[in-house]
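One structure below.
A short reminder: the numbers here are calculations on the coordinates, not readings from a lab. What you see is a predicted model, and the numbers here were worked out from it, not measured in a lab. With ideal geometry, Cβ positions are generated from the backbone for all residues, glycine too; neighbour counts draw on all protein chains shown.
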Amino acid sequence: MANVMKPRRSINSSMVLPTPPNWFNEGQVKIYRELGAKVLDLKVWAQSDYDAFCILVDNLYGYQQASSIIADEGVLTRGRHGEWVRHPATIARNACWTNIQPLLIAFGLTPSARAQMGLSPDEDNDPIGDFLQGTASGVESTKHH
């Protein structure tokens, strides 16, 4: 079984979201700001979370990009010898999802994680569900480059 980070609450409720890293592109910055605001609202942010949060955002963006490629080109593609094979973007998307899952829990970004943290699960407030459905403002599906 994978090691899952235990969610925790920060005692510093006056924290502000730091500036996103300069290597983030526009799409990553949008995800960073929107999800960052949610994490700050939950009061689970600590300055030491910065790197982990950036990894979460980077993987969410990668997941979004891979999903866009799959939506455009399909889950299956022709292999080197004309056989049908899984699209390489599915491998990238699955790797991103594997990285995302424990970080969602650590930052209280799912209703069950919030319940474990002693916070109201607020099942109507599901930023990751919105993200995956492409309905969150600022994190809508973007075309890949």
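Does residue 55 satisfy being in a helix (DSSP H, G or I), β-branched (Val, Ile, Thr), under 21 Å from residue 15 (Cβ atoms) and out of contact with any Pro (no Cβ under 9 Å at 6 or more places or on another chain)? Criteria met by residue 55.
Matching residues to (1) among the polar types (S, T, N, Q); (2) crowded, with 16+ Cβ neighbours inside 10 Å; (3) in contact with a helix residue (DSSP H, G or I) (Cβ under 9 Å, 6 or more places away or on another chain):
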{"site": "21", "(1), (2), (3)": "no, no, yes"}
{"site": "25", "(1), (2), (3)": "yes, no, yes"}
{"site": "38", "(1), (2), (3)": "no, yes, yes"}
{"site": "41", "(1), (2), (3)": "no, no, no"}
{"site": "82", "(1), (2), (3)": "no, no, no"}
{"site": "90", "(1), (2), (3)": "yes, yes, yes"}
{"site": "93", "(1), (2), (3)": "no, yes, yes"}
{"site": "108", "(1), (2), (3)": "no, yes, yes"}
{"site": "113", "(1), (2), (3)": "no, yes, yes"}
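Could we say that residue 85 is of a type in the set (A, V, I, L, M), over 21 Å from residue 117 (Cβ atoms) and free of Cβ contacts under 8 Å to residues at least 12 places away in the same chain here? When the stated conditions are applied, residue 85 passes them.
Looking at region 42-86, which of its residues are farther than 23 Å from residue 131 by Cβ and either more than 21 Å from the chain's Cα centre (by Cα) or of a type in the set (Lys, Arg) (or both)? Within region 42-86, 76, 77, 78, 79, 80, 81, 82, 83, 84, 85, 86 meet the criteria.
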